[in-house]
Every structure is written in structure tokens, then in C-alpha cells.
1. Assuming R0 = 35 Å, can you tell me the calculated FRET efficiency for the pair Gln233 and Glu171, based on Cβ-Cβ distance, to the nearest 0.05?
2. Taking only Cα atoms and a 10 Å spring cutoff, compute GNM fluctuations for the chain and point out the largest among Asp176, Asp55, Asp152.
3. For Ile140, what is the net charge nearby, where nearby means another residue's Cβ is under 15 Å from its Cβ and Lys, Arg count +1, Asp, Glu -1?
4. What is the chain's relative contact order, in percent, from Cα pairs under 8 angstrom and six or more apart in sequence?
5. With just the Cα atoms defining each centre, how far is the range 15-51 from the range 174-208? Give it in Å.
6. Packing-wise, with mean Cβ within 10 Å as the measure, how do 29-35, 178-184 rank, highest first?
7. Could you pull out which residues in the range 52-73 have an amide N less than 14 Å from a spot 7 Å beyond the Cα of Phe148, following the Cα-Cβ vector?
8. How would the chain be classified by its alpha-carbon gyration tensor: rounded, prolate or oblate, with rounded meaning a/c under 1.5 and the a/b versus b/c comparison settling the rest?
Amino acid sequence: MRFSVVVFPGSNCDQDAYHAATEVLGQSAELIWHKDTSLKGADVVVLPGGFAHGDYLRTGAMARFSPIMPAIRTFADQGGPVIGICNGFQILLESGLLPGAMLRNKGLKYRCEHVHIRVDEVDTPFTLNAFRGQVLRIPIGHGEGNYFAPRDVLEGLEANHQIVFRYSSPEGQLGDEWNPNGSMHHIAGICNERRNVVGMMPHPERACERLLGGTDGLVVLESVVTAVQRASQRIQPAVQPVGSPVSRGGAVLGSHD
């Protein structure tokens, strides 16, 4: 399977994501420049962390107009798994692929530390290897991770079970003392209604090797490998016996010349 890691001017976690995909997961990966218009056969799209376009105007506000974004939107509309990590999450919000917006952190300080996040939903491509209530220890590094949305949007996220990760204590309890940025409803990550697009502020690609202090991020990354492999198995054509219409060159519905 192939990961396509999109690189914007100012991205600084693209190589981390590429390394995680290739060296840790053992999959193929391609770095996609933001001015490209093709995802080059992606099975998974990663919008990595960093400071796209220097975070001018707003985080992700300029990146939303990059030439690669229509291809990402088409890929997502077709059900392809997309994850935006940190700045990538901000870009997904600005582009309308996910609802809401990011504000400056409560306290107006950049936060770079390990946090705990609770997995609340396990029916996305990025959490299917997790169990509901599982707590992951994953690092953050951001100045604008304070998730905001109007009340009706928040109510919709809750009702549709679109809040995938919440900041929590190591035991999974919610509280302001465990919320590093003031994010509403302790939101650390959400998904779209179709559940194939996920945005999260913590960095799973920085938590997939013991040398880096932990491997909890593998829950997220290995989940999407499992999801793609399962999807591939579902669409594998059945083996046809010799003499069948297929083996004799007969027409099959859905085939292409």
C-alpha cells in the first residue's frame, strides 16, 4: 500500500510521517509537493504537521488553496482515508473537509509535551485497532490547537459520534487539568460524517518507536494499514474456474477494456 504525504512550504513533519510509513510500517510512501495535482496512486493521504506558508493569515488558511487540495477532496469524497496531523488538521478545517476552527491555545503559549488522549470512537480507518476508552500517550507541539465550533456543530459532533480523541488523564478521565490548550469538549481529534477523514492535533508519527519515548502512535498508523488491507481483500475478484465466461473472455459487469 502507498502513503502520500503532502508537503507544503513550511511543513516540518513530512519526513517524520514518511519515515513512520516506510521504516516503521514497512509500506511505500511518496512525498507530494503541494503544487502537484495528483496523489500518485495513494491508498492513504497524510497532511503532516508544521507551519504551512508560515501560518500567515491563519493556520492552514493559505494551504487550502494549494493545487493538490482538489485531488485530496476527490480522494476523500470517494471514501479514501485522509489524516491531518496538527497543522494538517488545521488545513482540513480551513478547507472545509472537517468542521470547526482552531484558536490560540488557552494561556497563549506554545505547548510541546506528551499528553494523554482517550479513544472514543473505533469505527474510523485510523482507530479500528483500538478499543473504546483506550488511552494513548502521544506528544503535541502547537500554539493553535484550541478547537472551537458553534454550539450546533458541537452538538452534531457529539450526536454523530465524530469526536474520535479527547484529552484525558492517564486513566481516561476528562478535566481542564488534562486539556493542554482549552479545546472545547476536550477535543483532540474529530472525523467527518463519513468517518474516513480524521484530524488530530497530537503526533502519532512521533510516537511509533521506543527510542522516541513510546509506541502508542502505532495504534493510529497500524489501524489504517489494517483498514486498507481489509478494503483490498473485499474487492479482490473471485478466482474463476477454467471454462467460465470470464476465463473465456466473456463480458463482466464493472470491467473495463
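1. It comes to 0.45.
2. Per the Cα network of the chain with a 10 Å cutoff, Asp152 tops the list.
3. Combined, the nearby Lys, Arg, Asp and Glu give +3.
4. The normalised contact order for the chain reaches 18 percent.
5. Taking the Cα centre of each part, the range 15-51 and the range 174-208 sit 21 Å apart.
6. The peptides rank, most packed first, as 178-184, 29-35.
7. Label zone hits: 58-59.
8. Here the chain falls in the prolate category.
Where a number appears in this text, it was derived from the coordinates with a stated rule and is not lab data. Fair warning: this is a prediction, and the values are worked out from it, not measured in the lab. Methodologically, a virtual Cβ is constructed for each residue, glycine included, from the backbone with ideal geometry; neighbour enumeration extends over all protein chains shown.
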